[in-house]
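Novice: Dumping the structure here so I can ask a few things about it.
Nothing in this text is a laboratory measurement; each read-out follows from the coordinates by a stated rule. None of these values were measured; they are calculated from a predicted model. Cβ placement follows ideal geometry from the backbone for every residue including glycine, while neighbour counts extend to all protein chains displayed.
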Amino acid sequence: MILIDGKKAAAELREKLKKEVSDLKTKYNKVPGLTVILIGDLTPSQIYVRNKEKSANEVGLKSDVIKYPDTVEEKTILNKINELNNDETVSGILVQLPLPKHIDKQKVINKIDPSKDVDGFHPMNVGNLSSGYESSIPCTPLGCYLLIKKIEPNLSGKKAVIIGRSNLNGKPMAQLLLKENCTVTVTHSKTKDLKAECLEADIVVAAVGIPELVKGDWIKKNTIVIDVGINKTDKGIVGDVAFDEVSKNAKALTPVPGGVGPMTIACLLKNTIDCFKRSQV
Ligand code: NAP
């Protein structure tokens, strides 16, 4: 079984991006800039944002974090996004989710200029992705896609089963694999026989949020299994896949932690650089 090393893949991607930023600096005399808006003091969000900032600095991006207390008014955030939309030094804008309840998430996402939407959540980017056009792609599914392609460069005709249909993970993952000519099945909480669906798959992507849902006897030999889940349990952080059991059958499997997670941040940097490049033409 191939253990898919997300840390190593992310380090390789960051190295490539670092070189790209240096080349862009030579060509345009400026570097891509990422601005993150962080609202409130939720510890996981603070950790994510700190890691994003550290990685952005590592590859040479200009990086800013704008912090607000969780009592901030919605219109203050919308005005700030408007300002950043018009700021030429900002290539990418990310509003760290979740937001406090009094702030309308969709309003905030819709306010971001789609050409600076590094999360790929703006309806314009969602539409472009599903139409097969160039777009910002949500970072986690993009990371999963790059890991799958490392194992199997030609995905044409493969059967992919995606567990979960969130806008963040399952749906964009389905679009990416469809574009690669996979036959894609998207499953969810109302799917009748998830095991039977998985047993048909050459590729399984689990993005559910249920610890070790996917069992060893759900996976046929030679399947690539990507575990997006991050679940806190008594025995520590585990994924949506029962790692020990599934590793006996799978052709390749991502560990949790150290699989998809590191790729997510690296893909955010990639998206920022891609937004910058598109803005220069
Ligand atoms: P989400 O928005 O809660 O969506 C979960 C999806 O799973 C829903 O579509 C739900 O179906 C489906 N589901 C629930 N129970 C199911 C079952 N028994 N069988 C089949 N499908 C079922 O979750 P998410 O935001 O996509 O996140 C999923 C997991 O990924 C979480 O553990 C999260 O922490 C993790 N995550 C990891 C990263 C990373 O960087 N590695 C990034 C983001 C998220 P319905 O639509 O029918 O409700």
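Novice: Does the range 241-254 hold any residues that are surrounded by fewer than 24 Cβ atoms within 10 Å (Cβ to Cβ) and either within 16 Å of the ligand (Cβ to nearest atom) or under 20 Å from GLU152 (Cα atoms) (or both), and which are they?
Specialist: Result: ALA242, PHE243, SER247, LYS248, ASN249, LYS251, ALA252.
Novice: Among the numbered criteria (1) surrounded by 17 or more Cβ atoms within 10 Å (Cβ to Cβ); (2) farther than 18 Å from ALA242 by Cα, which one does SER189 miss?
Specialist: (1)
Novice: Could I ask something else about it? Of the residues in the range 215-240, how many are among the charged types (D, E, K, R), in contact (Cβ under 8 Å) with a residue 12 or more places away in the chain and away from the ligand (no atom under 12 Å from the Cβ)?
Specialist: 4
Novice: Let me ask something else about it. In the list ILE37, ILE66, which residue meets the criterion of being on the phi < 0 side of the Ramachandran plot and crowded, with 20+ Cβ neighbours inside 10 Å?
Specialist: Only one candidate qualifies: ILE37.
Novice: Something else: Can you tell me which of GLU200, GLU152, GLU212, GLU180 is on the phi > 0 side of the Ramachandran plot and more than 10 Å from the ligand (Cβ to nearest atom)?
Specialist: Of the residues listed, the single one that is on the phi > 0 side of the Ramachandran plot and more than 10 Å from the ligand (Cβ to nearest atom) is GLU212.
Novice: Something else: Tell me, yes or no, whether the range 15-24 has at least one residue that is assigned to a helix (DSSP H, G or I), in contact with a strand residue (DSSP E or B) (Cβ under 6 Å, 6 or more places away or on another chain), in contact (Cβ under 8 Å) with a residue 40 or more places away in the chain and aliphatic (A, V, I, L, M).
Specialist: no
Results for (1) among the hydroxyl-bearing types (Ser, Thr, Tyr); (2) surrounded by 21 or more Cβ atoms within 10 Å (Cβ to Cβ), shown as yes or no for each residue.
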position	(1), (2)
THR43	yes, no
ASN51	no, no
LYS54	no, no
GLU73	no, no
GLU88	no, no
PRO98	no, no
PRO114	no, no
ASP117	no, yes
MET124	no, no
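Novice: Looking only at the range 241-263, which residues are farther than 28 Å from LYS27 by Cβ, touching a residue at least 40 places away in the same chain (Cβ under 8 Å) and in a helix (DSSP H, G or I)?
Specialist: If the condition is that a residue be farther than 28 Å from LYS27 by Cβ, touching a residue at least 40 places away in the same chain (Cβ under 8 Å) and in a helix (DSSP H, G or I), then VAL260, GLY261, PRO262 are the ones that fit.
Novice: Within the range 132-143, is even one residue under 30 Å from ASN85 (Cα atoms), in contact with an Asp or Glu (Cβ under 9 Å, 6 or more places away or on another chain), in a helix (DSSP H, G or I) and more than 10 Å from the ligand (Cβ to nearest atom)?
Specialist: no
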